[in-house]
2 protein chains.
Amino acid sequence: MTKKYKSEALAALHESMQGLHDIGIVPAKTMRRFDSSCLAPIEDMKPEEIVEVRNKAGVSQAVFARYFRVSLGTISKWERGEKHPSGPAITLLNIVKRKGLESIYA
Amino acid sequence: MTKKYKSEALAALHESMQGLHDIGIVPAKTMRRFDSSCLAPIEDMKPEEIVEVRNKAGVSQAVFARYFRVSLGTISKWERGEKHPSGPAITLLNIVKRKGLESIYA
DNA sequence: AATAGTATAGTTCTTAGTGTTATAAATCAA
DNA sequence: TTGATTTATAACACTAAGAACTATACTATT
């Protein structure tokens, strides 16, 4: 659980820094350095997690694929562990997991 | 402007359908079919647009890269038109454009 | 029984993305 | 002015994600 705690702490810290920046205390440059060094590391999604996220959204692989703008085959491969989602795809998966599928609908 | 209007109309329609689904009128299966057929087509981001989105967020290519979980070189190539962002990356770019960089922070 | 939706699976091919290194401009501090 | 840091471009070889296509099979609907 240490890892998760650390991540949450960093998230909270980041929010505070952003607040300080917003009211003009922390300059943009410092903010940039801060961002660069504290952003959470890549937490890759395991195949079962991807299935879980999709099922919780209640959509088929085909629909899921259209939301992510990838092919149907790609979703199938993610879920079977044949291929691993790219960086941006992992980011999207995390967003859907936290905020739901509708939040990524352009 | 026809294209954008159409897209907005579909978005609104989708929202309505989702509402009907939420209150139990439209079954999940119908919802799935609806999703599959009405999701907006891919609107790719031009290099200048990507620069604009990043500048509006007020971050360097390096920081932008970490948010997207891609390498710095990839951002540079997107912005110079040497490489085109993948499907999931385009989705993310659209989210950042509409809702800001913070909204994709995991 | 037939149709349509769903998911797995394999194949070939393209290209996005990585990692590295070099270069050069602008910015800032000593 | 000098030196250090940040910023962005650029070229290289390499890896692997993803596309497109096809086939199979299970399930549910009509």
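The values are calculated or read from the model by the stated rules, or taken from the named source; none is laboratory data. Nothing here was measured: the structure is a model prediction, and the numbers come from that model. Counting neighbours? That spans all protein chains shown, and the Cβs are built from the backbone with ideal geometry, glycine included.
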Original post:
In the range A:46-81, which residue that is in contact with a helix residue (DSSP H, G or I) (Cβ under 7 Å, 6 or more places away or on another chain) and not in a helix (DSSP H, G or I) is surrounded by the fewest Cβ atoms within 10 Å (Cβ to Cβ)?
Top reply: A:GLY81
**OP:** With the checklist (1) modelled with pLDDT under 60; (2) more than 12 Å from DNA strand C (Cβ to nearest atom) in hand, flag the one item B:THR30 doesn't pass.
**Re:** (2)
**OP:** For the range A:82-89, indicate whether the set of residues that are more than 9 Å from chain B (Cβ to nearest Cβ), within 9 Å of DNA strand C (Cβ to nearest atom) and outside any helix (DSSP H, G or I) is non-empty.
**Re:** yes
Original post:
If you check B:ILE23 against the conditions, is it at pLDDT below 95 and within 24 Å of A:VAL96 (Cα to Cα)?
Top reply: yes
Original post:
Of everything in the range A:91-106 that's assigned to a helix (DSSP H, G or I) and of a type in the set (A, V, I, L, M), which residue is surrounded by the most Cβ atoms within 10 Å (Cβ to Cβ)?
Top reply: A:LEU92
